[in-house]
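**Q** Submitted below is the structure of interest, expressed as structure tokens.
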Amino acid sequence: MKRSYLLLPLLLLLLGCSSAPADKAPESFAASSEKGLAVGTITFESKTPKNDIYRFFYEPTSDDKKFIKKNDGKIMIKARNEKNDRAFTGDFAEGQSYVFVIEREPGKYAFNQHTVLNRIGSMGQVSFSKKYAIPFEIKKGEITYLGELSYNDLSEPGSPRIVVYDRFDRDLTELKKKYPNIDWKLATDKTAKKGDTGEGIIDFR
């Protein structure tokens, strides 16, 4: 991780809340939509979380600042269960895998950074990764599968923190279960095969 900061309690409270509505999956989606979807999974390799909150940021690669501000976003995962114990509570693979659906305007995008919050509370510390680029494209009325982002909490310095895998068939099955009103016949496999590795913290398989 590149740098860490102590945050004010109010900011930590905001971080502990659920993702903003703009990051939630649509109730339905069809080819007639003016927007497009990007979908995939985030999988944690460790069975036990090392941190309380994980955030994965994405934004358009356009130079248009207004377009970026309107369409950037994040996937946020709170690694606490109903008893408030530290645990993964994802959609499958014993809770270690989370599906995500991003609905945005057509354009080229990239996941470009992630952060972790080591504990919720006034003494919590946020660590920021180096910048990188896991590219994907959103097309009008289409669904782009961008891959599984496999996250390793225990990676050693110089080793990848995130590895991008193609798990299209497996992940599409799980996405259909969670979001049955989306027309999944519109999905195509566009797993990211290359991008900015952020000096080695990202790997493409």
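**Q** Calculate the tail of P(r) for the chain: the fraction of all Cα-Cα distances greater than 29 Å, expressed in %. Show your work: numbers first, answer last.
**A** On the way: 4391 of 20910 pairs.
Tail of P(r) above 29 Å: 21 percent of Cα pairs.
**Q** Could you state the number of Å between the C-alpha centres of region 42-84 and region 146-172?
**A** Between the Cα centre of region 146-172 and that of region 42-84, the gap is 14 Å.
**Q** Out of the DSSP beta bridges found with both residues in the chain, what percent are antiparallel (nearest 5)? Working shown, then result.
**A** Working: 41 of 56 bridges.
Expressed as a percentage, antiparallel bridges in the chain total about 75.
**Q** Now for a separate question. Just to be sure I understand the model, the point goes 7 Å from the Cα along the line to the Cβ. What's the resulting ASP169 to LYS193 distance in nm?
**A** If labels sit at ASP169 and LYS193, their model points lie 1.9 nm apart.
**Q** What distance in nm separates the simple spin-label points at ASP153 and ASP203, each placed 7 Å from Cα in the Cβ direction?
**A** 2.0 nm
**Q** State, to one decimal in nm, how far the label point of LYS177 lies from the label point of SER62, with both points 7 Å from Cα in the Cβ direction.
**A** Computed distance between label sites LYS177 and SER62 equals 3.6 nm.
**Q** Ordering ARG167, ARG119, ARG205 by accessible area with a probe of 1.4 Å, largest first, what comes out?
**A** Values: ARG167 90, ARG119 120, ARG205 140 Å².
Putting ARG167, ARG119, ARG205 in descending order of accessible area: ARG205, ARG119, ARG167.
**Q** With a probe of 1.4 Å, find how much accessible area the chain has per residue, and write the answer as a whole number in Å². List each step's numbers first, then the result.
**A** Values: 10860 Å² over 205 residues.
The answer is 53 Å² per residue.
**Q** Another one. Considering only protein heavy atoms and a probe of 1.4 Å, how much of the accessible area of the chain is carbon and sulfur, as a whole percent?
**A** Details: 5520 of 10860 Å².
With neighbouring chains kept in place, the figure for the chain is 51 percent.
**Q** What is the gain in length, in nm to one decimal, between LYS131 and LYS83 on full extension, counting 0.36 nm per residue of separation less the C-alpha to C-alpha distance? Could the numbers behind the result be given before it?
**A** On the way: separation 48, 0.36 × 48 = 17.28 nm, distance 3.43 nm.
Gain in length upon complete extension: 13.9 nm.
The values are calculated or read from the model by the stated rules, or taken from the named source; none is laboratory data. Keep in mind the model is a prediction, meaning the values are calculated, not measured. Backbone-built Cβ (ideal geometry, glycine too); neighbour counts: all protein chains shown. These area figures cover heavy atoms from the full protein model, side chains too; ligands, DNA and RNA do not enter into them. Shrake-Rupley method; radii C 1.70, N 1.55, O 1.52, S 1.80 Å.
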